[in-house]
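Notes to accompany the following structure.
What follows is calculated from the coordinates using simple rules that are stated; it is not laboratory data. Quick caveat: nothing in here was measured; it's all calculated off a predicted structure. Note that each Cβ is placed from the backbone with ideal geometry, even for glycine, and that neighbours are counted across all protein chains shown.
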Amino acid sequence: MRPESAQPPASSQSPASSQSESAGPAPAVGAYDLRPGSGLAVAVLCAAGIVVSLMQTIIVPLIPELPLLLGTSPSNAAWALTITLLVGAVGTPISGRLGDMVGKRRVLLVCLSAVAAGSTVCALSTSLVPFLIGRGLQGIGMGTVAVGISLIRDIVPPQRLGSSIGAMSASLGVGGALGLPFAAVIAQHVSWHALFWVSAAVAVVAAVAVRIAVQVSAIATGGRFDAVGALGLSVFLSCLLLAVSKGYEWGWTSPAVLGLLAGFLVALALWFRYERGRPGALIDLRVNGTKPILLTNIASIAAGFVFYAMQMMPIQVLMAPQAAPSGIGLPMVQASLVLMPGGLVMFAFSYVSAWLSRRRGARVALGVGSLGIGVGYLTFLAMLLGPWPPTWGWLLVVNCLVGAGLGIAYSAMPALIMEWVPVTQTGEANGVNATMRAVGTSLATAVVGMILASSFAVVDGATGPIPVPTVGAYVSASVISLVVCAVSAIAAFAVPRGRLVDEPVV
């Protein structure tokens, strides 16, 4: 494919483009199109991020009914979640690299079109296979946020870059917060097919808005796509994520899981040898292997873990029967409404992250955000271990505290990446960083899911006896998450000091 054609502005020869061979941080400035409407472009990109993140949560209300709806077993139906995660994790770094090569807006439109097509296929499905195909197509769209962040760097003036990147990053939280009530209301009061028709419609609207309101970036490197590198990346990531996400269900010592882990190690070694030092590699290992980027990605894995762990636990506490050791007994819609403000707080605190990054640097913002998430987990532990009964008010506070920390941390990650990465590789680097968060999410699914499933009590529910996690299980998962928060903070503060957002570009 040829890169998007656009006449570069006079400022397109930024110092960042000449720093690909240097070891220092790249300026957080690309080639700026200063035409009016960049604020509208950022708003549209944030809306596109919200649309894509909705795809991760809209299926949650359907999970108990999917086996009946699709005429399959519960274990097969679980692939509706797994396949979207796998395709998104593999496709995000590929989308980032393609965005750098052929134009970021073009790749954004492809991602949103895949979401629309996948939603349509799901809406028309009555059996498992086409439904999984649709969910896989939806997973392609997960690269939207990473590519959108890189595009913002190209088209937004430096003085607005931090807040714009923060808002785009926090769109993940908004989409996640809105997804549960959005899906629950439509699925309960209309039909599950209507849920996917609405998803297809909003994806089409988002794509049209991007086409109209977002200008073409002047930065596109061209070149030949590294198909062998993409294949290798797909193989080793799929092996890793499948083993991690299915380890508890299949058995950690089962031939399937051990085979996947062995395949991951072999494929990773071969891929690393092939990609190292290769011109035009899918992922520049020299840049992504530097200390600042490596530490940021470690913090990102940890942040992805604590983000999804807090997605898994509160909803179960809220929906567990009151007879359960820590149950509150709310139905799905009310429970999701309790959790919704957390995503809105996450979005609001993205601006706090931008302010903190300007004053102290993105590394400090990432560390502070990680510690803030830890405060939320400590509050959750206080609710579980205190003499008072759990209430939805407690979980509202917990979710808002965690949302505030996530808003600061998630917004700081791309800002920190772009302090150190040449402007021509922002899509690639942000794609890798987003994949690291997906790895953290998968680890949370495996670790927290295993803990909650291995320690449970049987209580009477509306449809008969049901197993619910014990207080001890929630405490164990929370303590592990607190340790992970500490790892994220330590990694963030260990990143060398880079250029502050408001420092002059030289």
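Here are a few things to note about the model shown:
- Angle of helix 471-494 to the longest C-alpha principal axis of the chain, folded into 0 to 90 degrees and rounded to 10: 10°.
- Volume per residue of the C-alpha convex hull in the stretch 351-426, rounded to whole Å³: 88
- Cα-Cα pairs of the stretch 71-131 separated by more than 14 Å (percent): 66
- Estimated FRET transfer efficiency (Trp252, Leu294; beta-carbon r; R0 25 Å; 0.05): 0.35
- Backbone amide hydrogens, once placed in the peptide plane, bring Phe456 within less than 5 Å of Thr470, excluding anything fewer than 5 places away on its chain.
- Distance between the modelled labels on Ile133 and Ala382, one decimal in nanometres: 5.3 nm (7 Å Cα→Cβ projection).
- The slack in the chain from Ser454 to Leu285, taken as 0.36 nm per residue of separation less the alpha-carbon distance, amounts to 56.9 nm.
- Highest-first arrangement of 292-300, 256-264, where packing means the average Cβ count within 10 Å: 292-300, 256-264
- Nearest 10 degrees, 0 to 90: helix 392-420 Cα axis against the chain principal axis: 20
- Scaled to the globular estimate 2.2 N^0.38 Å, the Cα spread of the stretch 37-223, given as radius of gyration, is 1.03.
- Relative to the longest principal axis of the Cα atoms of the chain, helix 104-124 runs at roughly 30 degrees.
- Stretch gain in nm, segment Leu231-Ala486, where the contour uses 0.36 nm per residue and the Cα spacing is subtracted: 88.3 nm
- Taken one residue at a time, the phi angles of the stretch 234-242 give Karplus couplings (6.51, -1.76, 1.60, θ = phi - 60°) of 4, 5, 6, 5, 5, 4, 5, 5, 5 Hz. Gly and Pro are set to x.
- The chain gives an Rg/Rh value of 0.96, both radii derived from C-alpha positions and Rh following Kirkwood.
- For the stretch 282-404, alpha-carbon Rg over 2.2 N^0.38 Å: 1.26
- Where labels lie 7 Å past Cα in the beta-carbon direction, separation of Val185 and Val479 in nm: 4.1
- On the basis of the beta-carbon distance and an R0 of 45 Å, Arg359 and Glu65 show a calculated FRET efficiency of 0.35.
- Percent RCO, i.e. relative contact order, over the chain, from Cα pairs under 8 Å lying at least 6 residues apart: 23
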